[in-house]
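J.: Let me begin by handing over the structure; questions about it come next.
Bear in mind these aren't lab numbers, they're just calculated from the coordinates by the rules spelled out. Since this is a predicted model, take the numbers as computed values, not measurements. So basically every Cβ, Gly included, is an ideal-geometry build from the backbone, and we count neighbours across all protein chains shown.
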Amino acid sequence: MSRYTAEVLWLRNGGDFLGNGYSRRHLLLFDGGLQVPGSSSPQVVPVPLSDASALDPEEAFVASLSSCHMLWFLSVAARRGFCVERYFDAASGLMQRNADGKIAMTLVTLRPDVEFSGSVRPTRGELDQMHHAAHDACFIANSVKTEIRCEPVHGPD
């Protein structure tokens, strides 16, 4: 069993809390000292009560799924003898009403664009198998109900 922690710190700093005029900006604090500015999404709470330059929970959710998939993909590719030079993912998430009528992140689409080097490169089938293996192994994907699609940008050259 592994345990992970994060700390979230919000301070009113004089905003009109009872009148709903307070800032949603906060800090996300992680082990090792990383501090990430957080906020509600400007799509949910308008600026200036939210901060468009900060990480919002919806973006963090999509990034977490993308990062987990990438890390597993890199591991799978290395074990199978394929050298990855670059991995880029333009992931996106769709929020809408789910089957229960609640607003939820109902779909996350990963669009990995992977470049390989060396004399051994995967076929399209091997690439698809590696993405499938990465998805199956991803702890975050295994933890959510959201549909997660993987749509690689292109196959091997």
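J.: Using Cα-Cα distances under 8 Å and only pairs 6 or more residues apart, what relative contact order does the range 57-150 have, in percent?
T.: Averaging sequence separation for qualifying contacts and normalising by length gives 35 percent for the range 57-150.
J.: Between Gly38, Gly101, Gly118, where does the largest GNM mean-square fluctuation fall for the chain, given springs only between Cα atoms within less than 10 Å?
T.: Ranking Gly38, Gly101, Gly118 by mean-square fluctuation puts Gly101 first.
J.: On to the next question. Could you tell me the relative contact order of the range 1-55? Use alpha-carbon pairs under 8 Å, at least six residues apart, and round to a whole percent.
T.: 29
J.: Just grab the label-to-label distance for Leu107 and Tyr4, each label 7 Å out from Cα along the Cβ direction, in nm (one decimal).
T.: Once both label points are built, they end up 2.6 nm from each other.
J.: Which of Cys150, Cys138 comes first, and how do the rest follow, when ranked by fewest Cβ neighbours within 10 Å?
T.: Fewest to most other Cβ atoms nearby, the residues stand as Cys150, Cys138.
J.: Here's something else I'd like to know. Take Ser75 and Arg97, extend 7 Å from each Cα along the Cα→Cβ direction, and tell me the distance between the two endpoints in nm.
T.: Once both label points are built, they end up 4.0 nm from each other.
J.: Another question, if that's okay. Arranged by the count of other C-beta atoms within 10 angstrom, fewest first, what order do Met70, Met95, Met1 take?
T.: Met1, Met95, Met70
J.: How would you rank Glu85, Glu126, going from fewest to most other Cβ atoms within 10 Å of each one's own Cβ?
T.: Glu85, Glu126
J.: Now, a different point. Given an 8 Å cut-off on Cα distances and at least 6 residues of separation, report the relative contact order of the chain as a percent.
T.: Rounded, it is 17 percent for the chain.
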